[in-house]
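Q: The following block contains the structure, expressed as structure tokens.
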Amino acid sequence: MTHPGTLVLIMAAAVLAPLLVHATGRRLRVPLVVFEVVLGILIGPQVLGWAHPDEVVDTLADLGLSMLIFLAGYEIEFAAVRGDTLRRSLWAWPVSLVLGIGLGFLFSGGGAFEAFVVGTALTSTALGTVLPMLRDRGELRGRFGTVVSAFGAVGEFGPVVAMALLLSGRRPAESAALLAAFGAITAAAVFWALRPRPPWFGELTERTLRSSGQFAVRFVMLLLACMLGLAEVFGLDVLLGAFAAGVLTRLVLHRAAPASSEEVVGKVEALGFGFLVPLFYVVTGIEFDLEALLDDPVALLLVPAFLLLFLLVRGGPVYLLAPKDLSRTDRSALALFASTCLPLVVAITTIGVDQDLLGTDRAAALVGAAMISVLVLPLLATRLRSATGGTARPASAQDGAKDTEAW
């Protein structure tokens, strides 16, 4: 490692973040991810200059983002997300994309590729951040949680597909063909996952669940590595493979080892939320170009502008196309949750900057607005539903002690 102390500082920030959440929890419920990113900015080269990312740290951060998308894919219950709810969520995202790219042209002065980058970033949803919060509040398996999962899944998956088609550097027809081939192989994998597993699979899972063997956890990691590798072979964004791996893992575990599936995933979540995911968020802060944002008044003004555009571009179509059985309050809360973003905004803007399609000032403004969205929008959505008695159950003291990646 070029900077061996950086990893120590990153993990120290990861440990400090939940302590800060606990310390400020009585006055203001600040999402854990916000503290992680802010601490990354503080220890990074833009402020104190203590931490400097290198190849090893960047690789671990990429794995953290993949793990976040993997866990989001696992949380989706496709048996519950179907019918009218699924159709409405599938319509809402293309409307957001058209609206986002149109507004992106205004911001870019007619530059097509910059418009694609900005427009795609405006359509994303931080499903991996939203779902843990709903789960802790006991709402994930209810009607509202199902709707959020449907709209959030499309908001997570759609931008990844758009990146593969629009920002891969290849001709759209070639990208579409590769995407179709990846989809065909993934569909075959889903068919395989739906088939009954041999008895030994469940037996070995139970036998090694609390031993050094950890067969099921190793199998999940193999499945994730295979899907990441498959996406890489096809020249697609690895996040596409991570999401698909999460879906496949749920199908396999719930059929092969239903009694142990939650404990297995709990171990994977411990690895993800205990190490890789916070590392990704802290590195996001370290690499955040604060100087480009503060030195340019226009870029600074773009932060609230982009925050409003997240609400307009993503939240507007979601509100209008939300299922009719939801109340107006729930539709508003759904729009706020759907407009919450950060991980994919970081990924999309990074691609845009690396390919010289987006200036660092615009990228910093987009990421800054996404950070604020994670801080403000879920809080507003939760309070909106709490004010009207929309929550499934009040959070208990025990629940409050469980900090997740969302809070």
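Q: Suppose the filter is without any contact (Cβ under 8 Å) to a residue 24 or more places away in the chain and either surrounded by 19 or more Cβ atoms within 10 Å (Cβ to Cβ) or part of a helix (DSSP H, G or I) (or both); does Gly266 pass it?
A: Yes; evaluated as a whole, the condition is true for this residue.
Q: Has region 216-232 got at least one residue that is outside any helix (DSSP H, G or I), surrounded by fewer than 15 Cβ atoms within 10 Å (Cβ to Cβ), without any contact (Cβ under 8 Å) to a residue 40 or more places away in the chain and not hydrophobic (A, V, I, L, M, F, W, C)?
A: no
Q: Pull up region 10-42, narrow it to residues that are more than 24 Å from the chain's Cα centre (by Cα) and open to solvent by less than 80 Å² (accessible area, probe 1.4 Å), then point me to the one that is modelled with the highest pLDDT.
A: The qualifying residue modelled with the highest pLDDT is Ala23.
Q: Continuing with the same structure: Exactly one of these conditions fails for Thr125: (1) at pLDDT below 85; (2) under 14 Å from the mean Cα position of the chain (by Cα). Give me its number.
A: (1)
Q: Of (1) open to solvent by 30 Å² or more (accessible area, probe 1.4 Å); (2) within 19 Å of the chain's Cα centre (by Cα); (3) in contact (Cβ under 8 Å) with a residue 24 or more places away in the chain, Gly235 satisfies all except one. Which?
A: Exception for Gly235: condition (2).
Q: Looking at (1) surrounded by fewer than 19 Cβ atoms within 10 Å (Cβ to Cβ); (2) at pLDDT 85 or above, can you tell me which one Asp84 breaks?
A: The one condition Asp84 does not meet is (2).
Q: Can you find, within region 90-101, the residue that is surrounded by the most Cβ atoms within 10 Å (Cβ to Cβ) among those that are within 20 Å of Ala347 (Cα to Cα) and in contact with a helix residue (DSSP H, G or I) (Cβ under 7 Å, 6 or more places away or on another chain)?
A: By that ranking, first place goes to Ser96.
Rundown of residues vs (1) touching a residue at least 60 places away in the same chain (Cβ under 8 Å); (2) farther than 24 Å from Ile286 by Cα; (3) open to solvent by 10 Å² or more (accessible area, probe 1.4 Å), yes/no style:
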position	(1), (2), (3)
Asp325	yes, yes, yes
Ser332	no, yes, yes
Thr349	yes, no, no
Asp354	no, no, yes
Leu357	yes, no, yes
Asp361	yes, no, yes
Ala369	yes, no, no
Ser373	yes, no, no
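Q: To continue, here is another question. Which members of region 102-118 meet the condition of being assigned to a helix (DSSP H, G or I) and either in contact (Cβ under 8 Å) with a residue 60 or more places away in the chain or open to solvent by 30 Å² or more (accessible area, probe 1.4 Å) (or both)?
A: Gly102, Leu103, Phe105, Leu106, Phe107, Ala112, Phe113, Glu114, Phe116, Val117, Val118
The values are calculated or read from the model by the stated rules, or taken from the named source; none is laboratory data. Only a predicted model underlies this, so the values are computations on that prediction, with no experimental measurement involved. Cβ: placed from backbone, ideal geometry, glycine included. Neighbour counts: every protein chain shown. The accessibility values were calculated without ligands, DNA or RNA, using every heavy atom of the protein model including side chains. Shrake-Rupley method; radii C 1.70, N 1.55, O 1.52, S 1.80 Å.
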